[in-house]
Amino acid sequence: ALLIESGGGLVQAGGSLKLSCAGAGRPFSVYGMGWFRQAPGKEREFVAASSRSGTDTRYADSVRGRFAISRDNAKNTVSLRMNSLKPEDTAIYYCAADLNYEKLLLGTSDYWGQGTQVTVSS
C-alpha cells in the first residue's frame, strides 16, 4: 500500500489539526490503519488505530479524549482529528497500514507513509 499523509503544520497550544492519509493499492478495507508519531530524540510511538471496518478504535493514553481516528474505506482515506493540542504532541506523524490489525496495536506495521510534521507552540 502506498500511503501519503497531509494536514500537518504549526498550531498554538489548545488548537486543532486534522491529518489525512490517502492510500493506493489494495482497497483500504483490507487493512487495519493506524497513526504513529516520533518526536526528536524519541522512539516512534503508537497514537491511534482503527480496525478494517472502523468499529474498533484504540488510542494511546496520552491522546485519548483529544484525538479521534476515522476512516472512509470508499475513499481509501483515514484521518486523525487532533484537538486540545499540547507542545508535547509535537512530532512527525506517520500513517500506517497492515493486514493484521493486531500488529498495529503492538507498535509495528508493514506499510508506512512518509510522515507529516506537527508542531505545537506554547
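Table for the structure above
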| item | result |
| --- | --- |
| Residues located in the stretch 77-94, provided they are touching a Gly at 6+ places or on another chain (Cβ under 9 Å) and part of a loop (DSSP other than H, G, I, E, B) | Asn83, Ser84, Leu85, Lys86 |
| Selected residue [touching a Lys or Arg at 6+ places or on another chain (Cβ under 6 Å), open to solvent by 60 Å² or more (accessible area, probe 1.4 Å) and of a type in the set (Lys, Arg)] from Arg81, Arg52, Arg58, Arg64 | Arg81 |
| Exclusive hit being more than 26 Å from Gln12 (Cα to Cα) and in a strand (DSSP E or B), set Ala74, Ala97 | Ala97 |
| Of residues in the stretch 8-31 being within 15 Å of Lys75 (Cβ to Cβ) and assigned to a loop (DSSP other than H, G, I, E, B), the one most open to solvent (accessible area, probe 1.4 Å) | Arg26 |
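The values are calculated or read from the model by the stated rules, or taken from the named source; none is laboratory data. These numbers were taken from a predicted model, which means no experiment stands behind them. Reconstructed Cβ throughout: ideal geometry from the backbone, glycine too, with neighbour counts over all protein chains shown. Each accessible area value is taken on the protein alone, full model and side chains, heavy atoms only, with ligands, DNA and RNA left out. Shrake-Rupley method; radii C 1.70, N 1.55, O 1.52, S 1.80 Å.
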